[in-house]
Amino acid sequence: MNPYYKYQTLKHTFITRAAKMLSDLREAVSGTEQDFTTGKLGRAVFLLSIPMALEMLMESVFAIVDIFFVSKLGPEAIATVGLTESIITIVYALAVGLSTATSSLVSRRIGEKNLEGASTAAFQAILTGILVSLFIAVPGVIFAKKLLLLMGASAVIVQEMWGFAAIMIGSNTVIMLLFIINAIFRSAGDAAVSMRVLWMANLINIVLDPLLIFGWGPLPAFGVQGAAMATATGRGLAVLYQVYLLFRGKKRVQLHLRHIRIEWPVMSSLLKLALGGVSQHIIATSSWIILIRIISVFGSIVVAGYTIAIRVVNFALLPSWGLSNASSTLVGQNLGARQPQRAERSVWITGWINILFLGSIGMILLVFSDSFIRFFIQDPAVIAAGSVSLRIISIGFIAYGFGMVLVNALNGAGDTFSPMLINIVCYWILEIPLAWLLAVHAGLNESGVFIAIVIAETMMTLSAFWIFRKGKWKLKQV
């Protein structure tokens, strides 16, 4: 072929593909309700994963923004946020578990083209989330001080900063509903709505954080409690927007007055799925609570450094969770459409993308760990402690990138029991005892805890890979 014509052909191909990618990117961000049981899987993964990754990135911004402003108040305030977040992980476990069950049911009904069934499942999930959150809020507010004391908080934290914990636990309903309703939109194929909801919540939080923490004009300075007030307000307004879209929007899943009732068969299926989903996340997050309790033995400086490091880690991991959520939706919809092979292919595509993404992020964190910690605080001791945490934990990112996709795929298929067993073995039987042995008995101090985390996450990935390859998840009925 003439070199000129060859050049023109390559140029035309490049321009055409670039234009197509930009068109898909606009569609992914602006919002679209797609039937992901047909068409190219690569495009399906792209349309789902971009807004899901941005959504999870926005979720991590909550933590980053809070710790950025709170860090100006000193190590005790940072430790307060870290210890409270360890307690709140139970709420996140319940919220993620319920949203996992919601995704499985709604995506399966969408794949079956049963929109009424999807709407019914959506309301039952919302109702369940509200009931569960009320049982947490009341005792959480009453016993906030005792919970902090149990977590090893200093006297200053317990007496002067307990309000942060009381507000965060007391407002857990908005956390629960934010997760569940966003799962409804994602499972229906419109992940961009979930993304926009988190953007809205974050913008409100970013504006209110400095105003409520440091005060402005007639507005008093609430200190670390102001961060909790800002977060609760941002999330609360976002939930109101979600509810408006469900009842008044023109989405695939729409709620009407006829849906506002208890449907026992649907709720039974939801609770059955949620039991495995909640259990697996409670197992994982309770292990994190125990780990930070072990770390607290080495003082508030170490806890503060670890708290900042985990914020950075979550900032990196949550976009990857967004990518892995794409596999959950694709598996659920395609199993509903009775296309198990297409469901499996979607998992491999998403898995490789996540490995490349998270592996690259892990390398960056490994090399520039000091810089990331220094962005939040200038205390040399806290920087040193946080850098050690970040370097060691980031080593396991490649394995974990693949593991989270496999676990979410199993959950999307309705097999929430297998991931629960994986978590029991990897986190309770392996991670916790190993962390104690390495940190205390082997004399590795807090580094022993971080090494145990990497080992446990790697074993989780290997176990999920083995179960996924067996293929029994393809036969799961929900």
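The values are calculated or read from the model by the stated rules, or taken from the named source; none is laboratory data. Small disclaimer: the values here were computed from a predicted structure and weren't measured. Cβ atoms come from the backbone with ideal geometry, glycine included; neighbour counts cover every protein chain shown.
Of the residues making up segment 122-142, those that are over 13 Å from Ala101 (Cβ atoms), of a type in the set (Val, Ile, Thr) and under 22 Å from the mean Cα position of the chain (by Cα) are Ile130, Ile136.
Per the listing Phe214, Phe164, the residue uniquely crowded, with 24+ Cβ neighbours inside 10 Å and touching a residue at least 12 places away in the same chain (Cβ under 8 Å) is Phe164. Residues of segment 97-118 that are part of a helix (DSSP H, G or I) and surrounded by fewer than 23 Cβ atoms within 10 Å (Cβ to Cβ): Leu115, Glu116, Gly117.
To keep it simple, each residue is scored yes or no on (1) of a type outside the set (A, V, I, L, M); (2) assigned to a helix (DSSP H, G or I); (3) modelled with pLDDT under 95; (4) closer than 30 Å to Phe36 by Cα.
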| residue | (1), (2), (3), (4) |
| --- | --- |
| Ser389 | yes, yes, yes, no |
| Asn408 | yes, yes, yes, yes |
| Val440 | no, yes, yes, no |
| Ile451 | no, yes, yes, no |
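Each row is one residue, and each column tells you yes or no for (1) of a type in the set (Asp, Glu); (2) farther than 30 Å from Lys476 by Cα; (3) in contact with a helix residue (DSSP H, G or I) (Cβ under 8 Å, 6 or more places away or on another chain).
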site	(1), (2), (3)
Val302	no, yes, yes
Val331	no, no, yes
Asn334	no, no, yes
Asn354	no, no, yes
Gly362	no, yes, yes
Phe372	no, yes, yes
Pro380	no, yes, no
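Just one of the listed residues (Ile429, Ile467, Ile422) is without any contact (Cβ under 8 Å) to a residue 24 or more places away in the chain, among the β-branched types (Val, Ile, Thr) and over 30 Å from Leu73 (Cα atoms), and it is Ile429. Selection of segment 101-131 for residues being of a type in the set (Val, Ile, Thr) and either at pLDDT below 90 or closer than 23 Å to Gln477 by Cβ (or both) yields Thr102, Val106, Ile110, Thr120, Thr128.
Just one residue in the set Leu149, Leu83 is part of a helix (DSSP H, G or I) and over 19 Å from the mean Cα position of the chain (by Cα); that residue is Leu149. Filtering segment 91-121 to residues that are touching a Ser or Thr at 6+ places or on another chain (Cβ under 6 Å) and closer than 16 Å to Leu410 by Cβ leaves Ser103, Ser107. Only a single criterion out of (1) within 23 Å of Ile290 (Cα to Cα); (2) buried (at least 17 other Cβ atoms within 10 Å of the Cβ) is not satisfied by Ile467, namely (1). It is to be established whether one or more residues within segment 254-263 are surrounded by 16 or more Cβ atoms within 10 Å (Cβ to Cβ) and in a helix (DSSP H, G or I). Checking segment 254-263: at least one residue is surrounded by 16 or more Cβ atoms within 10 Å (Cβ to Cβ) and in a helix (DSSP H, G or I). Picking from residues in segment 217-236 that are more than 23 Å from the chain's Cα centre (by Cα) and hydrophobic (A, V, I, L, M, F, W, C), the one that is farthest from Ile88 (Cα to Cα) is Leu219. The helices (runs of 4 or more DSSP H) found entirely in segment 295-374 that carry 3 or more residues being modelled with pLDDT under 90 and aromatic (Phe, Trp, Tyr) are 300-336.
Restricting Gly443, Gly448 to residues that are surrounded by fewer than 24 Cβ atoms within 10 Å (Cβ to Cβ), free of Cβ contacts under 8 Å to residues at least 40 places away in the same chain and touching a Phe, Trp or Tyr at 6+ places or on another chain (Cβ under 9 Å) narrows the list to Gly448. Per the conditions (1) closer than 17 Å to Val70 by Cα; (2) touching a Gly at 6+ places or on another chain (Cβ under 8 Å), the sole criterion not satisfied by Ala201 is (1).
Here is a yes/no grid of residues against (1) within 23 Å of the chain's Cα centre (by Cα); (2) surrounded by 17 or more Cβ atoms within 10 Å (Cβ to Cβ); (3) farther than 30 Å from Leu148 by Cα; (4) in contact (Cβ under 8 Å) with a residue 60 or more places away in the chain:
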site: Gln242; (1), (2), (3), (4): yes, yes, yes, yes
site: Ser268; (1), (2), (3), (4): no, no, yes, no
site: Gly277; (1), (2), (3), (4): yes, yes, no, yes
site: Ile283; (1), (2), (3), (4): yes, yes, no, yes
site: Ile308; (1), (2), (3), (4): yes, yes, no, yes
site: Val312; (1), (2), (3), (4): yes, yes, no, yes
site: Gly322; (1), (2), (3), (4): yes, yes, yes, yes
